[in-house]
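S.K.: Okay, here's the structure, questions in a sec.
Read-outs throughout are calculated quantities, based only on the coordinates presented, and are distinct from any laboratory measurement. The structure displayed is predicted, hence computed values, not measured ones. Don't worry about glycine lacking a Cβ; one is built from the backbone with ideal geometry, like all the others, and counts go over all protein chains shown.
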Amino acid sequence: MKRFLGALAIGGIAFFVFCGIVEYFQSQVDNNYSYKYWYMENRRHKVVTLLLGDSYIENAINPSLMGEGAFTLASSSRWIYYDDKLLEKYIADMPNLKQVIFGMGYKPPFFKSYHFPKTDDKEHENNEHEKYMYEKYMHIRYDDNSNHWLGLYRGFIDPSTLIGNNLLCDSLGYERVDGQSVNWQLEHNVDSNVFRLEYAKEQVAEYTGYLKDMARLCHLHKVRFIVITPPCHASYIANVRQEGLDILHGIIDDVRSEYPVEYMDYLQDEEYRADSIYRNSSHLNSVGADMFALRVKKDFGL
Amino acid sequence: MLFNSIQFAIFLPIVFLLYWFVFDRFISRSKWQLRLQNAFVVVASYVFYGWWDWRFLLLIAFTSFCSWGSGLLIGKAETKKKAKTWMWLNIILNLGILAIFKYYDFFVSEFAELFNISTDGLLLKVILPVGISFYTFQALSYSIDVYRGKIESTKDIVAFFAFISFFPQLVAGPIERATNLLPQFLKKRKFDYSTAVDGVWQILWGLFKKMVIADNCSVFVDKVFSTYTEQSGSTLLLAAIFFTFQIYGDFSGYSDIAIGTAKLFGIKLMRNFNVPYFSRDIAEFWRRWHISLTTWFRDYVYIPLGGSRVSKAKVIRNTFIIFLVSGFWHGANWTFIAWGAYHAILFLPLILTGKNRKYTNQVAEGRWFPSLKEIGQMFLTFFLAVLGWIIFRAESIGQAWEYLCGMMQFGTLRAFYRFFTLTELRLTNLFVVIMLVIEWLQRNKQHGFEGIDKLYFLRNKYLRPIIYAILLILIMIYGGKHAQFIYFQF
């Protein structure tokens, strides 16, 4: 028995040492999250225009066309919670910051159900992965007791990314996407699951709370808070419901009742009808991103 | 509690240490030692089981108590007729419970649909207790074996409860026989170093099959089966092949973890899988797949019906009964019954021509490689099993039929080429090949890692546990996302 327990003890120690090594190597991998974290930690003083939000903004605005000091801190699949936490963390120490541009797509206020157990497994898994990435690479916990940084335990270690470079964005945080996907009109389209009124009420209240907090932080630090709804392709708009749009605009009205917010809805803008500017039904490609960056710059006088 | 969960990783060492150090060593002089150790097994097993839903502990306790009581009554019965009555009462009770929880809603729904009646207020809509089919059959085997005189009834209720609820095999088998497992709870267990080491290797092998093979295969399989109408024939065949490996990795992986865990407690469980995909015909496949269930049906259903020593017509009847019941055991769905019928049809020619026991040895015995004929036989048997798994995996007979029709395309055979080239499967195909190679090399052993510590670099007592740790880490890294064990639903 002693011999067996001795072997298990050695194995146990070795196991935890190897776990530590794997976690360390994984945390050293370059990716969009680690780069954006590094940039904000080291270059935030240079930022004049900060872009926040999810892929609707990350891929839809080319920051190099937004004037000096623009940086995209937006990241795909991001829930607004992280935008609020990132802004809260850095805004007090960004002396040159003039405006924060936040992208509010049609889906996110209803869709990113971090709390709701009824969401499907795939959605839940994506959310868990997001929590892991933010904890591991941007050092933002979802809550005080969260231990999502343990990638091995969570099953989020991707062997192909254990060592190496997975950085996809440029030096301004922009992830350029050229061309179109196969079946691009179907990809990322609004499906019947997106707009679920049974979740919407609670979800929208939470979303509004975070948006309001971002507006409050901007107001407190005398920074313009600009919210935009990026354009989508006609195939996407065909499935958009007026009920959803009313809720979306209601969120802005609610925030505006307490803090100043500049808002522009480009969702159905006639200028963005061409197929060639879309990567898929709801995301602009690099051609569209150039167009849209110049438009936003002009509309808001940046 | 799942074997591949952090809860079990904490639970197992605690139970192991208490089992050997508190309930074996410190109270070893007490005459109550064995009983206390068995009581601890029951408590640990109930914690393990209650982790899902504590309410069903009452059910398993009730089943255990009734089966134990029936055993005593059978043993004490003055006449054979009385003993038979007690045995049948226990069978009816156990199967009745199983029927209520597993089959009642199915029959009511089917009956209502047939006669166009509303099911309002008729359905129970109860959750299926995890592992109910497994422990019910285990309990049944006890009372039948006591009646047949194969085993004496036991007065030791604690040992009996431990036999029914022993946590490694409680929820997904192997379905143990009282003749094998119960006597092990009636005598003092001894810790054996080499058995325990072998147990750890078997657990690792089981984790590899579950986490690396089954969980990775499931990603592709689930995706294709949920969109099967949009997929090409070769993709459908590929998904069916991967499901064939998924269900094997999932279920045999569970069995290996269960058997390996039991070894740590000085308990020997029966083998449940014996490289089934190296079978040369479907009869051999069924001697190697889910052995504990197959032999259960053979001993308690097929042989009492006359087995193969009756007229041809009755042999056909018996074969169909055993396969249909076996299919239905898996769940209340026509797909399982169709799956059973499909295998009965495949089995029938062999049993009628007396060739069902043609291959009782291991394939290519004493040789490194199989002959061309054996390769062809194994390939054909595997392919027949793949077709069967499509029926098993489908949600309805209609879906299975559409899936099979979808496969009937000219380009379907490209699946075998795509098995090695489809980037979406990433490393899964490589792991499947690794598993098959290891199983081939170890086909005469109990599991893929048996005897592996005899290798030169694994003989070192310090290096060996480090290899354990590295293997475990690799399994965790290359493992798919945590997925429930498929057989838990049965």
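S.K.: In debye to the nearest 20, how big a dipole does the protein assembly as shown give about its Cα centre with +1 on each Lys and Arg Cβ and -1 on each Asp and Glu Cβ?
M.R.: That gives a dipole near 5000 debye.
S.K.: Taking a threshold of 24 Å on the Cα-Cα distance, which of the pairs A:K136/B:K209; B:K80/B:K268; B:K102/B:K209; B:K150/B:K188 fall above it?
M.R.: A:K136/B:K209; B:K80/B:K268; B:K102/B:K209
S.K.: What is the log10 of I(q)/I(0) for chain B, computed with the Debye formula using one identical point scatterer on each Cα and no solvent, at q = 0.12, 0.14 Å⁻¹?
M.R.: For the requested q values the scattering log ratios are -1.22, -1.61.
S.K.: Mind checking which lysines have their C-alpha under 16 Å from B:K210, skipping anything on the same chain fewer than 8 residues away?
M.R.: Straight-distance partners of B:K210: B:K481.
S.K.: How many partner chain Cβ atoms sit within 10 Å of a residue's Cβ in peptide B:460-467, on average, as a whole number?
M.R.: Per residue, the number of nearby Cβ atoms from other chains is 4 on average.
S.K.: Remind me, relative contact order of chain B in percent, using alpha carbon pairs under 8 angstrom and six or more residues apart?
M.R.: 18
S.K.: Just checking the output field for A:14-27: average partner chain Cβ neighbours within 10 Å of each residue's Cβ?
M.R.: 3
S.K.: Would you mind checking B:K82/B:K314; A:K107/A:K212; A:K85/A:K297; A:K222/A:K297; B:K84/B:K155 for any pair whose Cα atoms are more than 27 angstrom apart?
M.R.: B:K82/B:K314
S.K.: Here's a follow-up. Sort B:L372, A:L50, B:L458 so that the residue with the fewest other Cβ atoms within 10 Å of its own Cβ comes first and the one with the most comes last.
M.R.: Ranking B:L372, A:L50, B:L458 by Cβ neighbours within 10 Å, fewest first, gives B:L372, B:L458, A:L50.
S.K.: Over the alpha-carbon set of the stretch B:6-189, divide Rg by the Kirkwood Rh and report the Rg/Rh ratio to two decimals.
M.R.: Rg/Rh: 1.05.
S.K.: Going through the stretch B:216-323, which trypsin sites (Lys or Arg not before Pro) have at most 16 other Cβ atoms within 10 Å and a DSSP loop state?
M.R.: B:K268, B:R271, B:R309
S.K.: Any idea how far apart B:W32 and B:W368 come out in nm if each label point goes 7 Å out from Cα toward Cβ?
M.R.: If labels sit at B:W32 and B:W368, their model points lie 6.1 nm apart.
S.K.: Give the Kirkwood hydrodynamic radius (Å, one decimal) of the stretch B:1-93, defined as one over the mean of 1/r across all pairs of different Cα atoms.
M.R.: About 15.8 Å for the stretch B:1-93.
S.K.: Same structure again: So what is the relative contact order for the stretch B:6-189, in percent, with contacts set as C-alpha pairs under 8 Å and at least six apart?
M.R.: 29
S.K.: Assign one of three labels to the stretch B:205-360, namely rounded, prolate or oblate, based on the Cα gyration tensor with a ≥ b ≥ c the square roots of its eigenvalues; rounded applies when a/c is under 1.5, prolate when it is not and a/b is larger than b/c, and oblate otherwise.
M.R.: Oblate, since a/c reaches 1.5 and b/c is not below a/b.
S.K.: For chain B, which DSSP H helices look membrane-span-like by this rule: Cα extent along the axis of 30 Å or more and mean Kyte-Doolittle of at least 1.0?
M.R.: Passing helices, by number: B:372-393.
S.K.: If each DSSP helix of 4+ residues adds -39,500 (n - 2.57) and the sum is divided by the residues in chain B, what number results at 222 nm, nearest 500 deg cm²/dmol?
M.R.: After summing the helix terms and dividing by the residues of chain B, the value is -20000 deg cm²/dmol.
S.K.: Let me ask something additional. For the pair A:E88/A:R3, report the inter-label distance in nm, with labels modelled 7 Å from Cα in the Cβ direction.
M.R.: Result for the modelled spin labels: 5.8 nm.
S.K.: Can you sort B:K81, B:K76 so the residue with the fewest Cβ neighbours within 10 Å comes first?
M.R.: Listed from fewest to most nearby Cβ atoms, that is B:K81, B:K76.
S.K.: Further question: In terms of Cα to Cα distance under 24 Å, which lysines are near enough to B:K461, apart from those fewer than 8 places away along the same chain?
M.R.: Reachable lysines: A:K2, B:K190, B:K263, B:K445.
S.K.: How many percent of the alpha carbon pairs in the stretch A:251-302 exceed a separation of 16 Å?
M.R.: 51
S.K.: Here's a follow-up. If we count other beta carbons within 10 Å of each Cβ, what is the order of B:C217, B:C405, A:C19, A:C218, fewest first?
M.R.: In increasing order of surrounding Cβ atoms, one gets B:C405, A:C19, A:C218, B:C217.
S.K.: Would you list, by chain and number, the aspartates and glutamates whose Cα falls below 17 Å from the Cα of B:K355, excluding same-chain residues fewer than 8 positions away?
M.R.: Partners found: B:D281, B:E284, B:E374.
S.K.: Give me the distance between the Cα centres of the stretch B:38-85 and the stretch A:53-85, rounded to whole Å.
M.R.: A separation of 62 Å, based on Cα centres.
S.K.: Compute the Kirkwood hydrodynamic radius of the stretch B:107-152, taking the inverse of the mean of 1/r over all pairs of distinct Cα atoms, and give it in Å to one decimal.
M.R.: 13.7
S.K.: Tell me whether the protein assembly as shown comes out rounded, prolate or oblate; compute the Cα gyration tensor, take square roots of the eigenvalues as a ≥ b ≥ c, and use a/c under 1.5 as the rounded threshold.
M.R.: Since a/c reaches 1.5 and a/b is larger than b/c, the shape of the protein assembly as shown is classed as prolate.
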